[in-house]
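The values are calculated or read from the model by the stated rules, or taken from the named source; none is laboratory data. Source: prediction; values computed, not measured. Every residue, glycine as well, gets a Cβ built from its backbone with ideal geometry; the counts of neighbours run over all protein chains shown.
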Amino acid sequence: MRALDIVTAGGLLIAPCVAFAAGCTLPGHPPAKLVAMLSPDCFDDALQVGADARSAMDYGFPSRLFGLLPEAEAVELVAMAAQEGDRGFFVADRSILDHVGALPGPAADFVTASLAPAETLRMGEASADFLMAVPLWGQPENGPLLTGYCAGHDCQPTETHCPDRIGLADKLAVASGSMTLQQAQALCPPSFEWLRALRQAGLVDTSCTSTMQINRTMADPALLDAACYPPDLSLMDLPAATSADAVRYLRQHLTHSPLAPIPAGSLDYIASQWPELADYLQAMNKQGDKD
């Protein structure tokens, strides 16, 4: 499966000079490709000519795939991302919820549990796949939702099976606070299968691609509970960074610390993928230094 890319941006404190649709502006003279990454609507506006399924997939707007590909192909791509526990592919495009009816059951449950768990749990109609997909890493508010649901329903908790399955019993223990995330992560030795199971269960940060996270963690198991994109991350130094991780890192940077300098190793990686984006980011960093 090819890496799936997502990016967004915002918060730069310099007056925009290039205007697109409302909400689709960046300061200075941003490349249209960067503006297109801000949101699905910006994608439509900035890439009025040249938008295709490849770019929709790369930018992480899965809902747009359904207008650019036969439905069966769009469904396959979304389902593959769900199998990898790749929540980062969906977070910038809640419109994918409009297409869950076309997805196979496990993929539909994964997308809905990742983006809108409360609604389904409050309706009292959650499947076992849905319960296992509700993310807990970085979203502690989902813990009471899970325990509250299972207090009133027969959830039939399953046991953990190494190396490839988290049991619902252990996930509920994390949700209730009787087990920490770190304890759950250590139930089985690190392996490709175990890390994928943790991603699917939402017990690690899944904003990054499985390619990056699994290879990084296998190289250094101490990073299992770490955030995907710390501010000082150097994408060039990772054992297996992808273009998806470059744009997701970029989104986080522009959202939370837009005027902070991007580490050279990450900027070099971005330049290897999109030279014009790197030029723009370097110019914005210089402007930030002046301010």
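Test Gly138 against the criterion of being modelled with pLDDT of 95 or more, surrounded by 12 or more Cβ atoms within 10 Å (Cβ to Cβ) and not in a loop (DSSP other than H, G, I, E, B), and give yes or no.
Spelling it out, it is not the case that Gly138 is modelled with pLDDT of 95 or more, surrounded by 12 or more Cβ atoms within 10 Å (Cβ to Cβ) and not in a loop (DSSP other than H, G, I, E, B).
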Original post:
Name the pairs whose Cβ atoms lie under 6 Å apart, with the first residue in the range 178-203 and free of Cβ contacts under 8 Å to residues at least 60 places away in the same chain, the second hydroxyl-bearing (Ser, Thr, Tyr) and surrounded by 21 or more Cβ atoms within 10 Å (Cβ to Cβ), and 6 or more positions between them or separate chains?
Top reply: Leu195/Thr217
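Please go through the range 54-82 and pick out each residue that is among the polar types (S, T, N, Q) and modelled with pLDDT under 95. Quick ask: steps written out before the conclusion?
We begin by selecting, within the range 54-82, every residue among the polar types (S, T, N, Q); these are 55, 63.
Residue satisfying the conditions is Ser55 alone.
Surrounded by 15 or more Cβ atoms within 10 Å (Cβ to Cβ), charged (D, E, K, R) and in contact (Cβ under 8 Å) with a residue 60 or more places away in the chain, is that true of Arg216?
Numbers: surrounded by 15 or more Cβ atoms within 10 Å (Cβ to Cβ): yes; charged (D, E, K, R): yes; in contact (Cβ under 8 Å) with a residue 60 or more places away in the chain: no.
Against the criterion (surrounded by 15 or more Cβ atoms within 10 Å (Cβ to Cβ), charged (D, E, K, R) and in contact (Cβ under 8 Å) with a residue 60 or more places away in the chain), Arg216 does not qualify.
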Subject >> Subset of the range 52-81 (residues that are touching a residue at least 24 places away in the same chain (Cβ under 8 Å), surrounded by fewer than 17 Cβ atoms within 10 Å (Cβ to Cβ) and acidic (Asp, Glu)) >> reply: Glu71
Original post:
Going through the range 248-262 one residue at a time, which ones are out of contact with any Ser or Thr (no Cβ under 9 Å at 6 or more places or on another chain) and within 17 Å of Leu26 (Cβ to Cβ)?
Top reply: His256, Ser257, Pro258, Leu259, Ala260, Ile262
**OP:** Please enumerate the residues belonging to the range 195-207 that are surrounded by fewer than 22 Cβ atoms within 10 Å (Cβ to Cβ) and out of contact with any Phe, Trp or Tyr (no Cβ under 8 Å at 6 or more places or on another chain).
**Re:** Arg196
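Give the range 155-173 a look and list any residue that's in a helix (DSSP H, G or I) and either without any contact (Cβ under 8 Å) to a residue 40 or more places away in the chain or touching a Gly at 6+ places or on another chain (Cβ under 8 Å) (or both), or say none.
Step one: list which residues in the range 155-173 are in a helix (DSSP H, G or I), which gives 168-173.
Matches in the range 155-173: Ala169, Asp170, Leu172, Ala173.
Per-residue answers, yes or no, for (1) in contact with a Leu (Cβ under 6 Å, 6 or more places away or on another chain); (2) over 19 Å from Gln185 (Cα atoms); (3) of a type in the set (Val, Ile, Thr); (4) modelled with pLDDT of 95 or more:
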residue: Leu103; (1), (2), (3), (4): no, yes, no, yes
residue: Val111; (1), (2), (3), (4): no, yes, yes, yes
residue: Thr120; (1), (2), (3), (4): no, yes, yes, no
residue: Tyr149; (1), (2), (3), (4): yes, yes, no, yes
Subject >> Verdict on Asp45 being modelled with pLDDT under 75, crowded, with 17+ Cβ neighbours inside 10 Å and among the charged types (D, E, K, R) >> reply: no
**OP:** Only one of these is touching a Pro at 6+ places or on another chain (Cβ under 9 Å), within 29 Å of Ser243 (Cβ to Cβ) and surrounded by fewer than 17 Cβ atoms within 10 Å (Cβ to Cβ): Ser114, Ser95. Name it.
**Re:** Ser95
Subject >> the range 229-262, residues that are buried (at least 20 other Cβ atoms within 10 Å of the Cβ), free of Cβ contacts under 8 Å to residues at least 60 places away in the same chain and either more than 17 Å from the chain's Cα centre (by Cα) or in a loop (DSSP other than H, G, I, E, B) (or both) >> reply: Tyr229, Leu233, Leu238, Ala241, Ile262
